[in-house]
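Heads up: the structure comes next, in structure tokens.
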Amino acid sequence: MLDKISRNIQKKSLKERFLLVIGILFFLTYLVLGLFIIFMKNFPLDMSAGYRLVFGVLLVGYAAIRFVRIINDNKD
């Protein structure tokens with residue numbers, strides 16, 4: 001399975017590989033930021049815990065959507 005993924009990535013052009021890396025980077029950024037907002041006790045912005053939780057869950061949900069899109073684009 002990993003061999004198939006590796007061959008699929010190697011078939012991509014340099015531009016497509018660059019965009020894949022950027023997509024993975026932003027997926028991780030949204031995921032870490034969402035988890036950071038949810039679990040950080042001393043959040044620097046003045047937000048109530050409920051709003052922080054909702055905002056963090058939205059960011060993690062958006063990261064999940066980006067992850068699914070990366071996986072679907074990589075199957076081609």
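The values are calculated or read from the model by the stated rules, or taken from the named source; none is laboratory data. Nothing here was measured: the structure is a model prediction, and the numbers come from that model. Please note: Cβ atoms are built from the backbone with ideal geometry, for glycine as well, and neighbour counts cover all protein chains shown. All accessible areas refer to the heavy atoms of the entire protein, side chains included, with ligands and DNA or RNA removed. Shrake-Rupley method; radii C 1.70, N 1.55, O 1.52, S 1.80 Å.
Model label points for residue 64 and residue 52, set 7 angstrom from Cα along the Cα-to-Cβ axis, are 2.2 nm apart.
Principal axis extents of the Cα atoms in segment 12-72, from largest to smallest and rounded to whole angstrom, are 46, 19, 13.
Rolling a 1.4 Å probe across the protein heavy atoms gives the chain an accessible surface of 82 Å² per residue. Here the relative contact order of the chain, from alpha carbon pairs under 8 Å that lie six or more residues apart, stands at 39 percent.
Relative to the longest principal axis of the Cα atoms of the chain, helix 49-74 runs at roughly 0 degrees. Tilt of helix 2-11 relative to the longest C-alpha principal axis of the chain, in degrees (0 to 90, nearest 10)? Helix 2-11 and the main axis of the chain meet at about 80 degrees.
Compute the long axis of helix 14-39 from its Cα atoms, compare it with the longest principal axis of the Cα atoms of the chain, and write down the angle in degrees, 0 to 90, nearest 10. Approximately 20 degrees, to the nearest ten.
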